[in-house]
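Since the structure comes first, as structure tokens, the remarks are kept for the end.
The values are calculated or read from the model by the stated rules, or taken from the named source; none is laboratory data. Keep in mind that this is a model prediction, so the values were computed, not measured. When we count neighbours, we look across all protein chains shown, and the Cβ atoms used for this are built from the backbone with ideal geometry, even at glycine. Only protein heavy atoms, including side chains, enter the accessible area calculation; ligands, DNA and RNA are left aside. Shrake-Rupley method; radii C 1.70, N 1.55, O 1.52, S 1.80 Å.
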Amino acid sequence: QEQLAESGGGLVQPGGSLRLSCAASGRAFSSAAMGWFRQAPGKEREFVAAIRRSGGSTYYADFVKGRFTISRDSAKTTVYLQMNSLKPEDTAVYHCASGWVFPSGSPGNYNTWGQGTQVTVSS
């Protein structure tokens, strides 16, 4: 099966930026959408952003407020999440996922998940 691997997380101060990457490997990429979710300790999994495989249409959670941007490479094997103006409440493990429904912020519409990368926003 296809595997997803996130990278780019780390420790950043409030107001700083990070760029997360999700690299796909294995079988041919055939999902309709790629998405980013996050989960903080003791909290439910939360939708962040999604992008359509064909056409590049994007869909964002309301709390992003223009701070985050999702994109993909030309081969559609890597998806990125550019995060600017980071806040302490953005601290979480960030997962990428592939699915068959676009647009969707529901985890149930995604069937392949990466292991996650830790983002910590703290002064």
Only one of 87, 65 is more than 12 Å from residue 35 (Cα to Cα) and at pLDDT 95 or above, namely 87
Quiz prompt | Residue match in region 89-97 (condition: outside any strand (DSSP E or B) and exposed (fewer than 13 other Cβ atoms within 10 Å of the Cβ)) | solution = yes
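So that you can scan it fast, the table gives a plain yes or no per residue for (1) open to solvent by less than 40 Å² (accessible area, probe 1.4 Å); (2) more than 22 Å from residue 26 (Cβ to Cβ); (3) part of a strand (DSSP E or B); (4) in contact with a Cys (Cβ under 9 Å, 6 or more places away or on another chain):
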position: 48; (1), (2), (3), (4): yes, yes, yes, no
position: 69; (1), (2), (3), (4): no, yes, yes, no
position: 86; (1), (2), (3), (4): yes, yes, no, no
position: 104; (1), (2), (3), (4): yes, yes, no, no
position: 119; (1), (2), (3), (4): yes, yes, yes, no
Open item on the list: Take the conditions surrounded by fewer than 15 Cβ atoms within 10 Å (Cβ to Cβ), farther than 17 Å from residue 105 by Cβ and polar (S, T, N, Q) and apply them to residue 21. Does it pass?
Closed with: no
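Taking region 71-84 as the search range and keeping residues that are open to solvent by less than 70 Å² (accessible area, probe 1.4 Å) and in a strand (DSSP E or B), which one is nearest to residue 27 (Cα to Cα)? Can you show your working first?
Step one: filter region 71-84 for residues open to solvent by less than 70 Å² (accessible area, probe 1.4 Å), giving 71, 73, 75-84.
This time we only want the ones that are in a strand (DSSP E or B), so: 71, 78-83.
Values: 71: 21, 78: 14, 79: 16, 80: 20, 81: 23, 82: 26, 83: 29 Å.
Across region 71-84, the extreme among qualifying residues is 78.
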Selection from region 78-104 of residues of a type in the set (Val, Ile, Thr) and over 14 Å from the mean Cα position of the chain (by Cα) yields 101
